[in-house]
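Student: Below you will find the structure I want to go over with you.
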Amino acid sequence: MTYKVRGLTYDQMNVGDEFYTVSRTITEADVVNFAGLSGDYNPLHTDEEWARKNTPFETRIAHGVLIQSIATGLANQLGIFEGTTIAVIEMTSRFVGAVKFGDTIHTVLKIAEKKESKKADRGIVTVAIEVRNQKDEAVLQGNWLVMLKRD
């Protein structure tokens, strides 16, 4: 049996298309592992007593870049980019809300724009993304520019 591409091509995506990922709960282990990988041991993320006394959140919060990374994983689990992505050209993010341990997040992706490429076998889509928590509040907003294969 051979591999069958699941991803959507540039031509199969339309401006306005929306995709919703599954949800994922952010755990203390996620944050500890990310701190170890990144070297970011800021007490905002790793010291409960410090965070309780010195932040408006009154507890530790997840790294914003961790949430961005998880958003890419959730998006890829959809399969819409699998086997059709040539490159991710750019990712921009605004961290608009805190994610606390135990929060459950999901990602909403919306095709915001499509642009032809200089090469006929590919095109570029702008994907507006929003990560939302269990209260459906936005915690991260941004855009991804993704180069995709064409039909």
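Student: Restricting attention to the stretch 26-76, which residues are more than 16 Å from Glu130 (Cα to Cα) and polar (S, T, N, Q)?
Tutor: Thr27, Asn33, Ser38, Asn42, Thr46, Asn54, Thr55, Thr59
Student: Something else about it: Counting residues that are at pLDDT 95 or above and of a type in the set (S, T, N, Q), which helices (runs of 4 or more DSSP H) fully inside the stretch 15-102 reach at least 2?
Tutor: Values: elements: 28-38, 43-46, 48-54, 64-77.
The helices (runs of 4 or more DSSP H) meeting that bar are 28-38, 64-77.
Student: In the set Val131, Val108, which member is in contact with a Phe, Trp or Tyr (Cβ under 6 Å, 6 or more places away or on another chain) and under 23 Å from Asp30 (Cα atoms)? Give the steps one after another, and end with the answer.
Tutor: Values: Val131 fails: in contact with a Phe, Trp or Tyr (Cβ under 6 Å, 6 or more places away or on another chain).
None of the others qualify; the one that does is Val108.
Student: Evaluate the following for Tyr3: is it at pLDDT below 95, part of a loop (DSSP other than H, G, I, E, B) and either among the hydroxyl-bearing types (Ser, Thr, Tyr) or within 15 Å of the chain's Cα centre (by Cα) (or both)?
Tutor: Values: at pLDDT below 95: yes; part of a loop (DSSP other than H, G, I, E, B): yes; either among the hydroxyl-bearing types (Ser, Thr, Tyr) or within 15 Å of the chain's Cα centre (by Cα) (or both): yes.
In short, yes.
Student: Kindly list the number of the only condition in (1) surrounded by 18 or more Cβ atoms within 10 Å (Cβ to Cβ); (2) touching a residue at least 60 places away in the same chain (Cβ under 8 Å) that fails for Ala62.
Tutor: (2)
Student: Also, I was wondering about something else. With the checklist (1) surrounded by fewer than 19 Cβ atoms within 10 Å (Cβ to Cβ); (2) over 14 Å from Trp144 (Cα atoms) in hand, flag the one item Val31 doesn't pass.
Tutor: So the condition that Val31 fails would be (1).
Student: From the list Asn143, Asn133, which residue is polar (S, T, N, Q) and touching a Ser or Thr at 6+ places or on another chain (Cβ under 6 Å)?
Tutor: Working: Asn133 fails: touching a Ser or Thr at 6+ places or on another chain (Cβ under 6 Å).
Sole residue among the options that is polar (S, T, N, Q) and touching a Ser or Thr at 6+ places or on another chain (Cβ under 6 Å): Asn143.
Student: Take the residues in the stretch 38-79 that are of a type in the set (Gly, Ala, Ser) and more than 30 Å from Leu8 (Cα to Cα), then tell me which one is nearest to the chain's Cα centre (by Cα).
Tutor: First pass over the stretch 38-79, keeping only residues of a type in the set (Gly, Ala, Ser): 38-39, 51, 62, 64, 69, 71, 73, 75, 79.
Subset that is more than 30 Å from Leu8 (Cα to Cα): 38-39, 51, 62.
On the way: Ser38: 17, Gly39: 21, Ala51: 25, Ala62: 14 Å.
Checked the stretch 38-79; the qualifying residue nearest to the chain's Cα centre (by Cα) is Ala62.
Student: Residue under question is Ala112, and the condition is that it be assigned to a loop (DSSP other than H, G, I, E, B), of a type in the set (A, V, I, L, M) and over 30 Å from Ala51 (Cβ atoms); does it hold? Write out each step before concluding.
Tutor: Details: assigned to a loop (DSSP other than H, G, I, E, B): no; of a type in the set (A, V, I, L, M): yes; over 30 Å from Ala51 (Cβ atoms): yes.
In short, no.
The values are calculated or read from the model by the stated rules, or taken from the named source; none is laboratory data. In this text the structure is predicted, and so the values were computed from the model without any measurement. With ideal geometry, Cβ positions are generated from the backbone for all residues, glycine too; neighbour counts draw on all protein chains shown.
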